[in-house]
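Beneath this line is the structure, given in structure tokens, with notes to follow.
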Amino acid sequence: MVQLLRDCDAEIFQEEDPTLVNYKRLYSETVLRTVFDIAKKVQEVLKDSEDGLIVLSGCGSSGRLALLLANSFNKLLKGLHRSPSYTYIISGGDKALVTSQEAPEDSPSLGVAELEKVSEGKKKVVYFGISCGLSAPFVAGQLDYCLNNLDIFVPVLVGFNPVSMARQERIEGWHSSFFQVAERMQKLQEAQKAFVLNPAVGPEGICGSSRMKGGSATKILLETLFLVAHKADSNVDISEKCLLEILRTYERAHKVTYSQSKKIAALVKQAGTSLQKKGHLYILGWGTLGLMAIMDAVECIPTYGTDYRDVRGFISTGYSGMQNKEGDLTSLGPEFAISHEDFVKSVLPSMTETDTVVFNFTLDDDLASVEKLTLQVKEKTSNLQAISHATAGQYLPATIKKLFPSIISITWPILFLEYEGAFIQNFQRELSTKWVLNTVTTGAHVLKGKVFRNYMVDFRVSNTKLFTRAVTVLQRLSGQSQTRCEETLLRSIYGTEVLSDEIRDAETSKHVEEASTKEQVVSTAIVSLLRNCAVHEARARLETYPTIRAAVEASLNAIGRKRSVINIEMRSTDT
Ligand code: F6P
């Protein structure tokens, strides 16, 4: 699995090959040109921090990355004694930074309201709408708003599907589809009034799991773009060489990270064993690596239908380290507890030997606190591992080394790139940690039987995109018509064999509302379809198998089943 995901991630850096598929890639001339053009627009805003603003916005992982990037570049500006120019928006507000809030992704009007709020009084705004699959209505609403106010806004759509593969269905309660908005943007690109930045990075390892490659590519692409804009801002002559140099550092980071494949595989196995035994996986991070931990853990909820307690991330200094707009959210409930202090208070006392704990830190972090927390965890479980980042010449103290049975220890070369060097190094460490954690949590859920082939088969149907995805997965696995699959999904959602007219006539949002609190909706529908049985029988059958994958496999192989799997066209980040 680690090798498969390594190769899959390597596709981000694959060069354009017109003899294979005619897609623009990260290193394609047109993509690099677009990055340059947008960087120039950003640079104009940077010159005028009073009236200008750079907005990064997205849903789920894309919104969490928006926060991370906005914070990184405001920090970079601060170091140059300049005022912050970046801000972020995440659908669902700051709650969605640390918990799974999928429903607000469906609302264009919520998106518009948020954008109006942050950009009030600004005269020049470069807006980045991140939607890896070119699908989120929340982002579509904001792009549309920008397109209607081009005197102030320069909209940029960031994603990893060609525009022709953007989501085509009309957005419920709205005038357009995502595709129509993206098309309008594309038409304005030549006049540099709007931009679509959408290199192909190849399909996701797990179909539709855009938190993985999509998220990594977002980070690489936008960090590079802003670094270039800042360089230009400091009157340094920007050449294509400089852009390529930055991109190559990420490519090297991929090699350096996956050179630890054996150790990563051991960690996948360990984490998988914990989840199989109904134990937990806790990921503790220092500084922004804590944010990477939270980002990874939270996304397991919609992707694998897990409980928030199963996989959890914690950041050393909690909300103050996260630097979110709404401040400390701890009082909102136990799932909002994110600091190491919270971990010690509320998780550690009940931790057992079946749990796995992963520590993520750099040798520049407070190593005394790493040591202290490790000793506390060791009293509860021996299943602990570390991912540690050093710069050439730094060595992990023996006192810490001896606490871990195994350490994924990555040493990064010193980058002689003036002021930005330290930032680039941090970006690499974050990305490297993201790659390892994505692999670990994905692999662990595969081991837990939450994946069949490369399909998620137990995800939560918590927004319209996921509803459509559920229908597509059912079609793929059963070979049945879209209508039949949709009906079976509805029967599973409502727990009924007979669909009333009221259910049949309801909008998708109503089905999503009903489904989002329920468990095993998709897997029940799969078994019901494959076995041609009632949904209550399918639920009962699911119970008799050790994993969902085993239930799906057995249903596919059931005697008398006609083996036909149709080939449905899916968007590139979906296949
Ligand atoms: O709805 C859940 C989800 O698919 C997350 O996994 C993802 O991070 C988010 O939506 C945003 O997806 P996109 O960037 O494609 O809009």
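What full-extension length gain, to one decimal in nm, is calculated for T544 and D37 as 0.36 nm per residue of separation minus the Cα-Cα distance? Computed gain between T544 and D37 is 176.8 nm. Loop by DSSP (not H, G, I, E, B), at most 13 other beta-carbon atoms within 10 Å: where is the longest site-free stretch of the chain for chymotrypsin sites (Phe, Trp or Tyr not before Pro)? Answer from the scan: 1-394. Simple spin-label estimate for T30 and R248 gives 2.6 nm between the two label positions (7 Å along the Cα-to-Cβ direction from each Cα). In this simple spin-label model, placing a label point 7 Å from the Cα along the Cα-to-Cβ direction at both K372 and H536 gives a separation of 5.7 nm.
Taking 7 Å steps out from each Cα toward its Cβ at L20 and K401 produces label points 4.0 nm apart. When only Cα pairs below 8 angstrom with a gap of at least 6 residues are kept, the chain shows a relative contact order of 14 percent.
List the residues of region 65-84 whose backbone N lies under 19 Å from a point placed 7 Å from the Cα of V118 along the Cα-to-Cβ direction. So the set is 65-78, 83-84.
What separates the Cα centres of region 127-176 and region 259-282 is a distance of 38 Å. Shown here for region 176-281: GluC sites (Glu not before Pro) in loop regions (DSSP other than H, G, I, E, B) with at most 12 other Cβ atoms within 10 Å, namely E190. Over region 419-527, Cα pairs under 8 Å with separation of 6+ residues give a relative contact order of 31 percent. Could you check how much of the accessible area of region 276-425 is carbon and sulfur, as a whole percent, using a 1.4 Å probe? Result for region 276-425: 55 percent of the exposed heavy-atom area is carbon or sulfur. One equal scatterer on each Cα of the chain, no solvent, Debye formula: the resulting log10 I(q)/I(0) at q = 0.09, 0.13 Å⁻¹ is -0.67, -1.42.
For region 221-364, the percent of C-alpha pairs falling in each 5 Å distance bin, counted from 0 to the bin holding the largest distance, reads 2, 8, 14, 17, 16, 14, 11, 8, 5, 3, 1, 0. Comparing H445, T317, F427 along the charge dipole axis of the chain, the residue lying farthest to the positive side is H445, per the Cβ-charge model. The listed residues R167, R539, R549, once ranked by accessible area (1.4 Å probe) with the largest placed first, stand as R539, R549, R167. With protein chains left intact and a 1.4 Å probe, residues in region 422-567 average 40 Å² of accessible area per residue. Segment S509..D48, full-extension length gain: 161.8 nm, with 0.36 nm per residue of separation and the alpha-carbon distance subtracted.
Take every Cα pair under 8 Å whose residues are at least 6 apart in sequence, average their separation, divide by the length of region 45-113, and the relative contact order is 33 percent. Computed extension gain for R170 through K241, at 0.36 nm per residue and net of the alpha carbon distance, reaches 21.4 nm.
The values are calculated or read from the model by the stated rules, or taken from the named source; none is laboratory data. Every value quoted in this text rests on a predicted model; they were computed, and no experiment measured them. Counting neighbours? That spans all protein chains shown, and the Cβs are built from the backbone with ideal geometry, glycine included. Ligands, DNA and RNA are excluded from the accessible area calculation, which covers all protein heavy atoms including side chains. Shrake-Rupley method; radii C 1.70, N 1.55, O 1.52, S 1.80 Å.
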